[in-house]
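A.B. asks: One structure coming up, written as structure tokens, with questions to follow.
Just so it is clear, none of the values below were taken in a lab; they were calculated from the coordinates. All figures in this text were calculated on a predicted structure; none of them were measured in a lab. All Cβ positions, even for glycine, are placed from backbone atoms using ideal geometry, and neighbour counts span all protein chains on display.
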Amino acid sequence: VLHDSAGGANWRFGQVVVDEERQSLGPGDIAQAVFCAGHPKNDLRVQSTFLEIQRWRSFAGCGCGSGSGGVWVLHADDSDPQTFFHWKRSGLSASLVTIVWHIPPSTPPGRYRIKHNGHYKQHWNNDVVVAYCGVSRAFDVDEVAKGSTKPVGDTLAETLQETNVLYRVPEPTTVRMGHADEKEEAEMDWTSPSLKRRMTGGRWPSGKWKQDG
């Protein structure tokens, strides 16, 4: 990865490009948001996570909403089987990331949001890698499913035409590698990395990375 660019005019890294439209969801629904991102290879986040599903926790006795009187706490990350991290190259140096959360039946009712963590390389000094983050708008998860589930990737498919989607596979699968451009950068369809098993030193562990097509 030589450098990253933010893509759209006046975009910034971590900016939400397509937000979750619904204000209320339930178990069985799918929440998702698209972020302006840096290339995931800039930092594999071995000790952390590319994504967070955060839940609003009010201070004891407060009972207020997502303003003052509480804090956002981690509910799920990229090691959770209900979270998916989709990466797409957009043009020569821009990236877009879609974070998807399949809301499980055991999810406590409350206020949630989606957070993306990443790093980008400066185009004027590609030796410098800068951390960034971004969050979606907040939405409620109720006890009852809303029946308004959107197919995964529909919003992204409407936004982009490129291939090379980064996604999680539930079971180990054979890795197939390939070059996506003339610069010989291996553009892979990746599963969302867990906290314990990640790509290191150019080696692609079976069951963690999958080439589409």
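A.B. asks: Going by amide H atoms built from the backbone, whose H comes under 5 Å of the H on residue 3, apart from near neighbours?
C.D. replies: none
A.B. asks: Then there is this: Which of the peptides 81-88, 92-99, 31-38 is most tightly packed, and how do the rest follow, judged by the mean count of other Cβ atoms within 10 Å per residue?
C.D. replies: Top to bottom by mean Cβ count within 10 Å: 31-38, 92-99, 81-88.
A.B. asks: Let me ask something additional. Taking H placed 1.01 Å from N in the peptide plane, check which residues at least 5 places from residue 90 or on another chain put their amide H under 5 Å from its amide H.
C.D. replies: 95, 96
A.B. asks: Estimate the FRET efficiency between residue 12 and residue 106 by the formula 1/(1 + (r/R0)^6), using the beta-carbon distance for r and 41 Å for R0, to the nearest 0.05. Could you put the intermediate results ahead of the total?
C.D. replies: Numbers: r = 35 Å, r/R0 = 0.86.
It comes to 0.70.
A.B. asks: Okay, moving on. From the backbone phi of region 106-116, what are the Karplus-calculated ³J(HN,Hα) couplings (6.51 cos²θ - 1.76 cosθ + 1.60, θ = phi - 60°) in whole Hz, Gly and Pro given as x?
C.D. replies: Karplus values, whole Hz, x for Gly and Pro: 7, 5, x, x, x, 9, 10, 8, 10, 10, 10.
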